[in-house]
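The values are calculated or read from the model by the stated rules, or taken from the named source; none is laboratory data. Everything numeric in this text was worked out from a predicted model, so none of it was measured. Here Cβ is always computed from backbone atoms with ideal geometry, including for glycine, and neighbour counts include all displayed protein chains. Heavy atoms of the whole protein, side chains included, go into the accessibility calculation; ligands, DNA and RNA do not. Shrake-Rupley method; radii C 1.70, N 1.55, O 1.52, S 1.80 Å.
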Amino acid sequence: MSSALSTLLHAPVYAPLQRLQDAVTEAAGIQVYIKREDLIHPQISGNKWRKLKYNLLQAAQEGKDTLLTFGGAYSNHIYAVAAAGKLYKFRTIGIIRGEEHQPLNATLSFARACGMHLHYLDRTTYQQKEHPEVLYSLQEQYGNFYLIPEGGSNALAVKGCMEIIQDIPLEVDYLCLPCGTGGTMAGLVAGAPDKKIIGFSALKGGEFLNQSVKELLQSYAIIDAAPNKTYLTASTWHIQTNYHFGGYAKVQPELLEFIRKFEQTHNIPLEQVYTGKMLYGVYDLLQEGYFPKGSTLVVLHTGGLQGRSAMLNF
Ligand SMILES: *Cc1c(COP(=O)(O)O)cnc(C)c1O
């Protein structure tokens with residue numbers, strides 16, 4: 001195991017809580033804090049760092065020197081795995097959805113510069129990417145790799161994201177976060193099964209996340225040695241499906257306007273795929289009076305700033 005990797009387990013994490021105070025939070029009478037997971041690492045940002053931590057340790061423990069994972073051409077996960085591979089000395093292979101486009105976009109050029117090998121799969125094959133046949137042919141080509149699923153979500157990712165909860169020294173009533181695959185959400189539910197947790201889907205048709213979060217909790221339960229797995233029956237979490245703005249990575253002028261205003265007011269950068277949509281939703285609920293006055297709310301800044309659109313710059 002590389003020495004950088006062996007410090008990973010106990011490395012202190014810098015992801016402070018900051019109070020968000022503005023006209024909306026004041027009128028609502030709610031204490032709102034933002035947990036700056038985006039500050040954990042400039043490249044392995046936010047929830048991707050949390051999700052990778054135990055996976056990297058596991059890969060090393062299994063003696064694997066290659067990480068293979070999947071993602072779209074703008075994927076924060078691909079970006080993070082490439083950076084982690086460089087930092088912790090793993091060979092990395094990114095299986096990218098769709099055809100190659102030259103010149104590479106910023107995400108993929110970064111990944112390549114980190115040493116990631118990019119392997120493109122047409123969209124039909126990509127849909128079957130976890131079928132034994134497809135994995136077998138990847139294994140023939142790349143040898144015995146450590147597989148990290150798309151978005152990095154598996155039982156070990158849930159374990160890593162549970163540590164977000166241990167890192168919040170506050171009595172919290174509500175936790176809000178953006179969701180893509182539900183891995184981070186599953187970690188929060190496993191870490192705080194009694195808290196009200198609201199996941200904001202970044203995708204259209206986000207109802208599927210209810211099932212994904214449940215499945216991830218079940219897969220975590222298998223590796224969890226603790227006898228009491230109350231998170232499996234927890235019912236205080238739910239998915240908000242109304243704030244996708246037309247679908248994954250789609251934007252609308254009012255979303256961009258909200259992000260610009262938020263950034264100016266709080267001097268905290270957001271991006272338009274996850275954190276912007278989630279905070280738009282949170283502010284909408286604050287204005288609707290959804291949260292009882294006097295509640296304490298923590299929103300998770302899950303990072304992803306590598307994907308911040310240039311449209312937000314003016
Ligand atoms: C990947 C990502 C998410 C989605 O996390 P899941 O665990 O897949 O739900 C949320 N926010 C940001 C910034 C991300 O990069």
Looking at the chain as a GNM with Cα springs under 10 Å, which of 264, 31, 240 has the largest mean-square fluctuation? 264
Once you charge only the Cβ atoms, +1 for Lys and Arg and -1 for Asp and Glu, what is the size of the charge dipole of the chain about its Cα centre, to the nearest 20 debye? 380 debye
For residue 254, tell me the accessible area in Å² from a 1.4 Å probe, rounded to the nearest 10. 90 Å²
Provide the solvent-accessible area of residue 214, counting protein heavy atoms only and rolling a 1.4 Å probe, rounded to the nearest 10 Å². 100 Å²
Given the candidates 266, 220, 247, the one whose Cα lies deepest towards the positive end of the charge dipole of segment 158-314, counting +1 at each Lys or Arg C-beta and -1 at each Asp or Glu C-beta, is 247
Keeping all protein chains in place and using 1.4 angstrom, which order do 13, 134, 213 fall into by accessible surface area, from largest down? 13, 134, 213
Quick one: helix 155-166 against the long Cα principal axis of the chain, what's the angle to the nearest 10°, folded into 0 to 90? 30 degrees
Farthest towards the positive end of the dipole of segment 1-83, among 23, 83, 63 and with Cβ unit charges of +1 on Lys and Arg and -1 on Asp and Glu, lies the Cα of 63
State, as an integer percentage, the relative contact order of the chain based on alpha-carbon contacts under 8 Å between residues 6 or more apart. 22 percent
Measure nothing but the geometry: give the 0 to 90° angle between the long axis through the Cα atoms of 253-266 and the longest principal axis through the Cα atoms of the chain, rounded to 10°. 80 degrees
Percent carbon-and-sulfur accessible area, the chain, ignoring ligands, DNA and RNA, probe 1.4 Å: 51 percent
Output the 0 to 90 degree angle, nearest 10, between the alpha-carbon long axis of helix 132-142 and the longest principal axis computed from the alpha carbons of the chain. 60 degrees
Within the chain, helix-based [θ] at 222 nm, where runs of 4 or more DSSP H residues each add -39,500 (n - 2.57), nearest 500: -12500 deg cm²/dmol
In percent, what relative contact order does segment 47-152 have, based on Cα pairs under 8 Å that are 6 or more apart in sequence? 35 percent
Rounded to whole Å, give me the distance from the Cα center of segment 2-46 to that of segment 164-232. 17 Å
Using a 1.4 Å probe and ignoring any ligands, DNA or RNA, find the accessible area of residue 116 and quote it in Å² to the nearest 10. 10 Å²
Simple label model, 7 Å out from Cα along Cβ direction - residue 11 to residue 106, nm: 2.3 nm
Residue-normalised accessible area of the chain, expressed per residue, 1.4 Å probe, Å²: 45 Å²
